[in-house]
1. All but one of (1) touching a helix residue (DSSP H, G or I) at 6+ places or on another chain (Cβ under 6 Å); (2) within 17 Å of LEU16 (Cα to Cα); (3) of a type in the set (A, V, I, L, M, F, W, C) hold for TRP135; which doesn't?
2. How many residues does the stretch 60-89 hold that are closer than 30 Å to ASN211 by Cβ and more than 17 Å from the chain's Cα centre (by Cα)?
3. Do we find a residue being outside any helix (DSSP H, G or I) and aromatic (Phe, Trp, Tyr) anywhere in the stretch 69-83?
4. Which condition does ASP13 not pass, out of (1) under 17 Å from ASN86 (Cα atoms); (2) surrounded by fewer than 23 Cβ atoms within 10 Å (Cβ to Cβ); (3) under 14 Å from the mean Cα position of the chain (by Cα), if it passes all the others?
5. Filter the stretch 128-143 down to residues that are over 15 Å from PHE111 (Cα atoms) and in a loop (DSSP other than H, G, I, E, B) and give me whichever is modelled with the highest pLDDT.
6. With the checklist (1) over 14 Å from the mean Cα position of the chain (by Cα); (2) in contact (Cβ under 8 Å) with a residue 12 or more places away in the chain; (3) in a helix (DSSP H, G or I) in hand, flag the one item CYS125 doesn't pass.
7. Could you identify the single residue in PRO165, PRO146, PRO151 that is touching a Gly at 6+ places or on another chain (Cβ under 7 Å) and at pLDDT 95 or above?
8. Being without any contact (Cβ under 8 Å) to a residue 40 or more places away in the chain, assigned to a helix (DSSP H, G or I), surrounded by fewer than 22 Cβ atoms within 10 Å (Cβ to Cβ) and under 15 Å from the mean Cα position of the chain (by Cα), is that true of even one residue in the stretch 177-199?
Amino acid sequence: MSNEKKAVIFDLDGTLLDTLRDLAESGNAVLQARGFDPHPVDAYRTFIGNGMTNLVRDIFPEGHRPAAGDETDAILAEYREAYGRNWQNTTKPFPGIAELLNELRDRGVSFGVMSNKAHDFTVKCVDVFLPGWNWNSVLGAREGVPKKPDPTAALEVAAASGVEPSDCFFIGDSDVDMMTAVNAGMYAVGVSWGFRPVEELLQHGARSILNAPEDLLALL
């Protein structure tokens, strides 16, 4: 990584924001409406990260998962409705995130968000829970754009920053995030406070692990 201009790309859920309970309660509402038992909140740590379509399939027991197409689309609509009621209930930034963003801003480091969460909810969450910072890009899952770990959207954020991929840090809490960074030719940084274990991050390409947000500053 050069000493020229740098940029930081953040995952959202489990990295910037603790969204676990609101996502879990939305998924459990869908399950219970269809006669299935809810999962413990912590079980959702393994369901989050691959987008809403995969989440609404994975939360159902083996043998009862919705078929691709109309059935999955119907359950996805139910989930979006439930999450539309719940997304502001308990979600909040992780401790130290605001201070890190202030320091990045003061240092002139460009930063953005790239998530597999649906784009409309990604934008809402950033607007409500992370206002006041000049995000260079806020991108969620969009029709026609492949999801992480495909590097397409990550490269889009880098281009919006005017920074080469090799001068970008990609910060996340899952194997999918680390693979995205590797696929995009970016510096993969895992966080220990997120939804997945540190071992998973290291196994999938993390070059550094942050135990607190301010740890990132030592890498810049």
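The values are calculated or read from the model by the stated rules, or taken from the named source; none is laboratory data. This one's a predicted model, so the numbers in the text were calculated from it and none came from an experiment. Note: ideal-geometry Cβ built from the backbone for every residue, glycine included; neighbour counts use all protein chains shown.
1. Every condition holds for TRP135 apart from (1).
2. Total meeting the criteria: 2.
3. no
4. Tallying (1) under 17 Å from ASN86 (Cα atoms); (2) surrounded by fewer than 23 Cβ atoms within 10 Å (Cβ to Cβ); (3) under 14 Å from the mean Cα position of the chain (by Cα), ASP13 fails exactly one: (2).
5. So, considering only residues that are over 15 Å from PHE111 (Cα atoms) and in a loop (DSSP other than H, G, I, E, B), the one modelled with the highest pLDDT is ARG142.
6. Unmet condition: (1).
7. Going through PRO165, PRO146, PRO151 in turn, the sole match is PRO165.
8. Scanning the stretch 177-199, I find at least one residue that is without any contact (Cβ under 8 Å) to a residue 40 or more places away in the chain, assigned to a helix (DSSP H, G or I), surrounded by fewer than 22 Cβ atoms within 10 Å (Cβ to Cβ) and under 15 Å from the mean Cα position of the chain (by Cα), so the answer is yes.
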